[in-house]
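A.B. asks: One structure, pasted below without further comment.
The values are calculated or read from the model by the stated rules, or taken from the named source; none is laboratory data. Small disclaimer: the values here were computed from a predicted structure and weren't measured. No Cβ is skipped: glycine too gets one built from the backbone with ideal geometry, and neighbour counts run over all protein chains shown.
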Amino acid sequence: MTAPSSVISISELNRLTRQTLEQAFPLLWVTGEISNLMRAASGHVYFTLKDNAAQARCVMFRTRAQILPWRLENGQQVEARALVSLYEPRGDFQLNIEAMRRAGLGRLFEEFSRLKQKLEIEGLFAVERKKSLPRLPNRIGVISSPQAAALHDVLSTLNRRAPHLAIVLYPTQVQGDMAARGIAQAIASATQRKECDLLLLVRGGGSIEDLWAFNEEIVAYAIASSTLPIISGVGHETDTTIADFVADLRAPTPTAAAELATQHWHDMPQKIIGLSQKLNSAMQYRLSRDQQRLDHMALRLTHPANNLKRRQDQMQLLAAQLNTALTSHLRIHHEHISRLAMRFNRLAPRVESRQGALALLEQRLVAAKNRYLLQKRSALAPLSNALKHLNPHNTLARGFAIVRNAQGKVVNHASALHSGNQIAVELATGHVTAKVLTTCLFEEPLDKS
């Protein structure tokens, strides 16, 4: 803190005061009525919160005001989460608003959260327990107030999208102290009567107090007990109720609930048109193809006499072509033979001019042959005589013999035999088998060379 004797400026004073206020007061909730509301071009909202005895200036900056789910108006009773502060340039005490809710909604939000947690633990929100919607319902039940504008929107949408559907209204209050019990009784009645394929639980937008009947436990259990599938279309898109969590399908608005219920009926004409177009295209293609086949078959379907005449014409044409081809072929071969004959005549030898030379050559050949034979006979005689002298039989005829041992080898030396050896002796006119009695070796003759 500044010493008491020091002098400070107004801006310093205001700064210290702001810091002191913000440190002394944490974020807190205050309640009051909105007045003097002004929206600046910057997006900030300025207003006054007041009660019967006092008032305070307030500011809600643009980033906070944008996320507020409802529009601020003068005269609204609200609960604001505020930071106590001071606007230094003017020294004005003010509250910086961080969040806001309608007065009394804190208790409702707490009760909503408590019931939501309880039912979620019990499994009423589980996906596996939700019933599937009929694809093409024939009768739709609507649970709503006969005076509600939402009912008019639902009926108009159903009539526009699927005018053939039967609609059953189960009237009940949708706002007030008795609304929750009436809604539960209407659901139970529709389930017991079993005259509809699908139920629409609808109501228009409003405050959380206006929609509170759809946050009651009795309504949640009635929806869960229904054997009919239920679409919940309560409030605006930003509104969420316990009935939305328990219902088999949530629609953001009553009109959207009617659209979801008739989705397939609404799409059916387009699908039928598409199928019709496909069928027509297929039929046209089939007809065109069959017509072409019929045309081709009609061309092939002719009278037998016409076929016979056509075949005869074809045969005559082929015969003419064959004759032409044969004539051309023969002509070509005749021309080829003529050319070969001309070449042969040019190359044929003249026999008459060659007969004299042939006779002379024949005489010379005979003379040469005789001389050759005489020469060969003269050379053959001494060779024959030499061969006769070398003939072993001629040697054997002069008294010689060929001696072989038991193994059949020629023996030409006495040392190769021993007394008692078996020998074979080949003579000029036969063979003799003998046994060696004794062997006698002669001295080697001197080499006369």
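A.B. asks: Limited to the range 1-58, what total is found for residues that are touching a Ser or Thr at 6+ places or on another chain (Cβ under 6 Å) and surrounded by fewer than 13 Cβ atoms within 10 Å (Cβ to Cβ)?
C.D. replies: Matching residues across the range 1-58 total 1.
A.B. asks: Of a type in the set (Ser, Thr, Tyr), in a loop (DSSP other than H, G, I, E, B) and either in contact (Cβ under 8 Å) with a residue 60 or more places away in the chain or surrounded by fewer than 20 Cβ atoms within 10 Å (Cβ to Cβ) (or both): which single residue out of SER207, SER156, SER189 fits that description?
C.D. replies: Residue meeting the stated conditions: SER207.
A.B. asks: Filter the range 94-134 down to residues that are part of a loop (DSSP other than H, G, I, E, B) and either among the charged types (D, E, K, R) or touching a helix residue (DSSP H, G or I) at 6+ places or on another chain (Cβ under 6 Å) (or both), then give me how many there are.
C.D. replies: Pass one, the range 94-134, residues part of a loop (DSSP other than H, G, I, E, B): 103-104, 123-126, 130-134.
Going one step further and asking which of them are either among the charged types (D, E, K, R) or touching a helix residue (DSSP H, G or I) at 6+ places or on another chain (Cβ under 6 Å) (or both), we end up with 124-125, 130-131.
So the count comes out to 4.
A.B. asks: What number goes with the only condition from (1) crowded, with 16+ Cβ neighbours inside 10 Å; (2) aliphatic (A, V, I, L, M); (3) modelled with pLDDT of 90 or more that MET100 does not pass?
C.D. replies: Unmet condition: (3).
A.B. asks: Tally the residues that are part of a helix (DSSP H, G or I) and closer than 18 Å to LEU151 by Cα, restricting the search to the range 255-278.
C.D. replies: Matching residues across the range 255-278 total 7.
A.B. asks: Given GLN284, GLN263, GLN277, GLN291, which one is among the polar types (S, T, N, Q), without any contact (Cβ under 8 Å) to a residue 12 or more places away in the chain and assigned by TED's automatic domain parsing to the domain that holds ARG161? Before you say what the answer is, go through the steps one by one.
C.D. replies: Values: GLN284 fails: assigned by TED's automatic domain parsing to the domain that holds ARG161; GLN277 fails: assigned by TED's automatic domain parsing to the domain that holds ARG161; GLN291 fails: assigned by TED's automatic domain parsing to the domain that holds ARG161.
Only one candidate qualifies: GLN263.
Table: residues versus (1) of a type in the set (Gly, Ala, Ser); (2) over 51 Å from the mean Cα position of the chain (by Cα).
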residue	(1), (2)
GLU128	no, no
LEU136	no, no
SER144	yes, no
ASP153	no, no
LEU165	no, no
VAL168	no, no
GLY176	yes, yes
ALA179	yes, yes
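A.B. asks: Evaluate the range 92-114: report whether one residue or more is in contact (Cβ under 8 Å) with a residue 12 or more places away in the chain and touching a Phe, Trp or Tyr at 6+ places or on another chain (Cβ under 6 Å).
C.D. replies: Yes: one or more hits.
A.B. asks: On to the next question. Does at least one position in the range 74-83 carry a residue that is within 60 Å of the chain's Cα centre (by Cα) and either loosely packed, with under 15 Cβ neighbours inside 10 Å or of a type in the set (S, T, N, Q) (or both)?
C.D. replies: No - not one qualifying residue is present in the range 74-83.
A.B. asks: Turning to a different aspect of this structure: Evaluate the following for SER353: is it at pLDDT below 80, assigned to a helix (DSSP H, G or I) and loosely packed, with under 10 Cβ neighbours inside 10 Å?
C.D. replies: It is true that SER353 is at pLDDT below 80, assigned to a helix (DSSP H, G or I) and loosely packed, with under 10 Cβ neighbours inside 10 Å.
A.B. asks: Just the residues that are among the polar types (S, T, N, Q), surrounded by 18 or more Cβ atoms within 10 Å (Cβ to Cβ) and assigned to a loop (DSSP other than H, G, I, E, B), please, taken from the range 224-239.
C.D. replies: SER226
A.B. asks: Out of all the residues in the range 41-71, which are assigned to a loop (DSSP other than H, G, I, E, B) and in contact with a helix residue (DSSP H, G or I) (Cβ under 8 Å, 6 or more places away or on another chain)?
C.D. replies: Those that are assigned to a loop (DSSP other than H, G, I, E, B) and in contact with a helix residue (DSSP H, G or I) (Cβ under 8 Å, 6 or more places away or on another chain): SER42, GLY43, HIS44.
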